[in-house]
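Trainee: Starting off with a structure, shown below.
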Amino acid sequence: MTHSWSFSSVGGEKRVNLESGEDLKHLHALDQKLWTALSCPVNGLEADSRTLKLIDKDGDGQIRVPEILEAVSWICEMIANPNELLEQRKELPLSSIDTSNPVGKQLLASARIILANLGKPDAQTISLEDTADMNRIFAETKFNGDGIITSFSAETEAQSLVIERIGALLGNTPDRSGKPGISAESIVAFYGHCRDYVSWLDVGTAKEILPFGEQTSEAYTLFERLKEKVDDFFLRCQLASFNSDAGPIFNGISESLKELNRVSLTQCESEIASYPLAQVSVQAKIPVSQGLNPAWREMWQAFCAICIPGKNEMDEATWLSIKALFQPYSVWIQSAKGKPVEALGKETCTQILQENLEQELLDLVQRDINLREESDSMILVDQLIRYYRDIFFVLKNFVTFNDFYSPGKKAIFQAGRLYIDQRSCDLCIRVNDMAKHKAMASLSGMYLLYCDCTSRDGE
């Protein structure tokens, strides 16, 4: 061993003393048999959970020796004089940051940027209050390294408008400032949708796709709603032609009408709609104006006004020819592309493509990404301050249990004080799994009292 340790008898055991920055720097060389604890949970301790979560690098909710050593090694490298760590200061002097290594130099620069963004460019110390709200830190920055640009990042009004449109149609992603923004993926997808949508609409201008010109869309909507009803009508007529008894049966709804007569017809629209579109006969023709099922009359007449204008009736051959005419339109509709930008309309999409700001927006994203290292370092400043303040506090409760054995202090695993039966109990510890804990309780040689603690309002 290249480092000399000092020991004290604490709690009936020989325990290592952590007395200097050199002790912390050589902690990796201390035999783990001499550590009082080898793991602890992140939650449920009387310590800053955000600091503990930073130490818990694998995020499994448990801190172990290798993670403690990694945290101690890192902070010792970042601080010029590790002896300061034993003071557990709440504010970190900028002069304490070791700029002899590249990371420390970057952290100092980032700390100055944070203070400048908060309106404190001349401050010589930085605290957790300064780094607690990263949204506030990045609030006035156009680029912050997260690969997300906002309308605030735009250099022109046209760029800003497109950014807002992309966010509105494809969904926003909050950037580090909390502002809604978009990513490179969203930009590429948006322009792809615009190109697909305009191209798809251009294909739809072909004459064979629009058999009824500008009214084709309206006619097709009516066709889709009427198709099953009209097919049903002509099939009934075919059965009437096949069997002379079928016609009267299909048209014989007198008994149903007697039932309907007893109630308000406005309450029977669905039943009325179930009757044939018109009178079933071997002639198999649907009139346009007279003798129509009232539930379908208005829709049928609107359809006929577009597809057979001036005609008084429609036979099956005409109906089949209309169905054939709609086939190309149906295929085109089902192949629709660019749905996410449909709300913009063709004119706006065409204008967006003509302005061709896609590369400009992607360049803005790249400018943002280029600041990733600097911005990530700004976030790392929060870790630096937390470790500077808390790392020795954690070590005293992990390696030595110093706080537990020191009069007037409490260890991080102690959950306050319990008053009961005119006594006070100081060794109070949170128990997450009482059943599992009780299985070992008989081996403790102590009196144990389990308590369920709730607030007066039952929370």
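Trainee: Does any residue of the range 327-335 turn out to be outside any helix (DSSP H, G or I), under 36 Å from the mean Cα position of the chain (by Cα) and modelled with pLDDT of 90 or more?
Mentor: Checking the range 327-335: at least one residue is outside any helix (DSSP H, G or I), under 36 Å from the mean Cα position of the chain (by Cα) and modelled with pLDDT of 90 or more.
Trainee: Which helices (runs of 4 or more DSSP H) does the range 206-294 wholly contain that include 1 or more residues that are at pLDDT 85 or above and loosely packed, with under 15 Cβ neighbours inside 10 Å? Outline the logic, then answer.
Mentor: Numbers: elements: 216-242, 246-251, 254-260, 269-273.
Hits in the range 206-294: 216-242.
Trainee: Let me ask something else. Strands (runs of 3 or more DSSP E) wholly in the range 52-164 with at least 1 residues that are touching an Asp or Glu at 6+ places or on another chain (Cβ under 6 Å), among the hydroxyl-bearing types (Ser, Thr, Tyr) and over 23 Å from Asp23 (Cα atoms) - which ones?
Mentor: Those strands (runs of 3 or more DSSP E) span 125-127.
Trainee: Could you say which residue among Leu325, Leu357 is surrounded by 12 or more Cβ atoms within 10 Å (Cβ to Cβ), farther than 30 Å from Arg236 by Cβ and out of contact with any Cys (no Cβ under 7 Å at 6 or more places or on another chain)?
Mentor: Going through Leu325, Leu357 in turn, the sole match is Leu357.
Trainee: Does Glu70 satisfy the condition of being modelled with pLDDT under 95, open to solvent by 30 Å² or more (accessible area, probe 1.4 Å) and farther than 17 Å from Phe413 by Cβ?
Mentor: Answer is no for this residue.
Trainee: With the requirement that a residue be open to solvent by 50 Å² or more (accessible area, probe 1.4 Å), under 44 Å from the mean Cα position of the chain (by Cα) and closer than 25 Å to Arg15 by Cα, what does the range 403-425 give you?
Mentor: Correct list: Phe404, Lys409, Lys410.
Trainee: Test Pro180 against the stated conditions and say whether it is open to solvent by 50 Å² or more (accessible area, probe 1.4 Å) and either under 25 Å from Ile352 (Cβ atoms) or at pLDDT 90 or above (or both). Show your work before the answer.
Mentor: Working: open to solvent by 50 Å² or more (accessible area, probe 1.4 Å): yes; either under 25 Å from Ile352 (Cβ atoms) or at pLDDT 90 or above (or both): yes.
Answer is yes for this residue.
Trainee: Within the range 346-358, can one find any residue that is touching a Leu at 6+ places or on another chain (Cβ under 6 Å) and over 30 Å from Gln159 (Cα atoms)?
Mentor: No.
Trainee: Moving to a separate point now. If you check Arg50, Arg64, which single one turns out to be within 29 Å of Asp426 (Cβ to Cβ), open to solvent by 70 Å² or more (accessible area, probe 1.4 Å) and out of contact with any Lys or Arg (no Cβ under 9 Å at 6 or more places or on another chain)? Break it down stepwise before answering.
Mentor: Numbers: Arg50 fails: out of contact with any Lys or Arg (no Cβ under 9 Å at 6 or more places or on another chain).
The match here is Arg64.
Trainee: I would also like to ask the following. Picking from Ile385, Ile379, which residue would you name as being open to solvent by less than 80 Å² (accessible area, probe 1.4 Å), in contact (Cβ under 8 Å) with a residue 24 or more places away in the chain and touching a Leu at 6+ places or on another chain (Cβ under 8 Å)?
Mentor: Result of the check over Ile385, Ile379: Ile385.
Trainee: Do you know which residues across the range 152-177 are closer than 20 Å to Leu344 by Cα, buried (at least 16 other Cβ atoms within 10 Å of the Cβ) and touching a residue at least 24 places away in the same chain (Cβ under 8 Å)?
Mentor: Gln159, Val162, Ile163, Arg165, Ile166, Leu169, Leu170
The values are calculated or read from the model by the stated rules, or taken from the named source; none is laboratory data. Please read these numbers as outputs of a predicted model, since none were measured by experiment. All Cβ positions, even for glycine, are placed from backbone atoms using ideal geometry, and neighbour counts span all protein chains on display. To get the accessible areas, we keep the full protein, side chains included, count just its heavy atoms, and leave off ligands, DNA and RNA. Shrake-Rupley method; radii C 1.70, N 1.55, O 1.52, S 1.80 Å.
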